[in-house]
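Shown next, in C-alpha cells, is the structure this report addresses.
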C-alpha cells in the first residue's frame, strides 16, 4: 500500500509503519512513529519503546505477543506532533485495524493517543475520567467521531499511559506524583485486566 493522503508525511517518511496485531489481548498505541520506527518499520522501536517493554516484562507480559500501533502511520518531520488533518486521515485506518483485531486492553501512550479516546488534551484529566469508569471504556461520546461506532460495541479497557520517553517519564505530574509512578500503576492495571477471564465489562 502506498498512501499519499498527507503530502508532507508522504514526502518525509522512509516507510509506512503498519500496525501489528497481538495474541495476548493487549494493544499499545503511540502517537506517531519516530526516527527508529521510521527506519525499522516497527512501532515502539526507540528508547520509549524499550521502557515500555521493560514495564510490561515486569508484569509478565510478553512483548512478542503484544499488539502495536500508532495513531499516525508516518513519521512527522522533526518528530513534531501530527496535525489534526494527519490524525483525521489515519483514524479510519486505525478503526479498521481495531475491528479486524479487537484487543481486550489498549494502553494509549502519551497525550494524543489518550485524547482521541478520552477527549482532553491533558493526560491527568483523561486518567481521572478512566478511573471513574474503569475497567470498561464507557465515555464513547468523548471519543473522536471516527471511533464512536466501534467503541460503542467493543468490550475494551482503554488505559492512558504517560509518555515513556526518559525526558517525560521522570517528571512530576500536576497531582504531585511522578509520571513514572502513574505509568507503573497503569501497566499493572492492564496486566490485571488481561489475567481476568472474559471481556473487560
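Quick note: the coordinates plus some simple rules give every number you see, no bench work behind them. Note that the structure is predicted; figures quoted are calculated from it, not measured. Cβ atoms come from the backbone with ideal geometry, glycine included; neighbour counts cover every protein chain shown.
Observations
- Relative compactness, the stretch 1-91, computed as alpha-carbon Rg over 2.2 N^0.38 Å: 1.09
- Pair-distance distribution P(r) for the stretch 7-195, from all Cα-Cα distances in 5 Å bins starting at 0: 1, 8, 17, 23, 22, 18, 9, 2, 0 percent.
- Potential lengthening between residue 50 and residue 141 on full extension [0.36 nm per residue; Cα-Cα distance subtracted]: 29.4 nm
- The convex hull of the Cα atoms of the stretch 7-55, projected and averaged over all directions, covers 3.8 nm².
- For the chain, the antiparallel share of DSSP beta bridges with both residues in that region comes to about 15%.
- Rounded D (µm²/s) - the stretch 100-164, Kirkwood Rh over Cα pairs, Stokes-Einstein at 37 °C, 0.692 mPa s: 284
- Column: log10 I(q)/I(0), Debye, Cα scatterers of the stretch 54-135, q = 0.12, 0.20, 0.24 Å⁻¹: -0.43, -1.15, -1.33
- The distance between label points at residue 196 and residue 132 comes to 2.0 nm (points 7 Å beyond Cα on the Cα→Cβ vector).
- Calculated on C-alpha atoms, the gyration radius of the stretch 86-201 divided by its Kirkwood radius gives an Rg/Rh of 0.96.
- In the stretch 44-87, the C-alpha radius of gyration followed by the widest Cα-Cα span (Dmax) gives 13.2, 38 angstrom.
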